[in-house]
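First comes the structure, then the notes that go with it.
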Amino acid sequence: MTVILWGILATTAGAALMAFAAWHAAPKAPPLPPGTDFPVTRLQKLAAWTLAIGLLLAISAGAMVATFGWETVYDADGLRLTFTFLVLTTLVVFLGMTLLAKSWKDRGDGTLDERDQAILDRAPVAQAPAMLVTLAVWMVGLTESFRDPGAVPTSYLSLVFWSVIVINMLALPVGVLLGYRRR
């Protein structure tokens, strides 16, 4: 299996575990009568937009690597800078969500009600397991891919780092959205 396929497997496994853990960590509410819907909250809208924009940027960076190959992206200055820009912009989008949600929580003016705060408190529960699974799959993939040469090229270390960071950042909006689905 090529290294890029191992990378795709690593990020997919991390994302799947993140969604599973966030779903099971979300507090359950008593069942509501059929047809009862809660209005979409500001936190829910923020998480949905953050996830949509962040995924678009992250998928664009991943598509670059899948299209050109990591060695080409790493060696070509224009591609490497574009990849780095996409990943850093992804992180800025997720950081913006985190800071805005934190400021809403700290305000105490009713922007976030008790349900929103409970969901926001439990949303990051999947970050650590998702990162560990992503790292584990990367380790197996890189070890198997570069078994014959006896050493993993150092260029792959940055790819592993960025994929783990992006998976970590994806956990918060996914956790928030799954928390609302669970209720």
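Considering only the range 127-143, state which residues are crowded, with 20+ Cβ neighbours inside 10 Å, closer than 16 Å to L172 by Cβ and not small (G, A, S). Explain how you work it out, then say what you get.
Of the residues in the range 127-143, the ones crowded, with 20+ Cβ neighbours inside 10 Å are 127, 130, 133-134, 137-138, 141-142.
Subsequent filtering for residues that are closer than 16 Å to L172 by Cβ retains 127, 130, 134.
Within the range 127-143, Q127, T134 meet the criteria.
Going by the conditions given, is I53 modelled with pLDDT of 70 or more and over 20 Å from L135 (Cα atoms)? So that I can check it myself, show each step before the final result.
Details: modelled with pLDDT of 70 or more: yes; over 20 Å from L135 (Cα atoms): yes.
When the stated conditions are applied, I53 passes them.
So L142 passes all but one of these: (1) part of a loop (DSSP other than H, G, I, E, B); (2) over 18 Å from A48 (Cα atoms). Which condition number does it fail?
Among (1) part of a loop (DSSP other than H, G, I, E, B); (2) over 18 Å from A48 (Cα atoms), the lone unmet condition for L142 is (1).
In this structure, is V92 closer than 21 Å to F161 by Cβ, buried (at least 18 other Cβ atoms within 10 Å of the Cβ) and not hydroxyl-bearing (S, T, Y)? I'd like the intermediate steps shown before the answer.
On the way: closer than 21 Å to F161 by Cβ: yes; buried (at least 18 other Cβ atoms within 10 Å of the Cβ): no; not hydroxyl-bearing (S, T, Y): yes.
For V92, the condition - closer than 21 Å to F161 by Cβ, buried (at least 18 other Cβ atoms within 10 Å of the Cβ) and not hydroxyl-bearing (S, T, Y) - is not met.
Kindly check whether there is at least one residue in the range 56-67 that is more than 21 Å from the chain's Cα centre (by Cα) and at pLDDT 85 or above. Break it down into steps so the answer makes sense when it comes.
Step one: filter the range 56-67 for residues more than 21 Å from the chain's Cα centre (by Cα), giving 67.
Narrowing the set further to residues that are at pLDDT 85 or above leaves 67.
Yes: one or more hits.
Which residue pairs have Cβ atoms under 6 Å apart, sit 6 or more places apart or on different chains, and have a first residue in the range 41-55 that is at negative phi and touching a residue at least 24 places away in the same chain (Cβ under 8 Å) and a second that is crowded, with 19+ Cβ neighbours inside 10 Å and of a type in the set (D, E, K, R)?
T41/D116; L43/D116
The values are calculated or read from the model by the stated rules, or taken from the named source; none is laboratory data. Because the structure is a prediction, the values reported are computed rather than measured. Cβ: placed from backbone, ideal geometry, glycine included. Neighbour counts: every protein chain shown.
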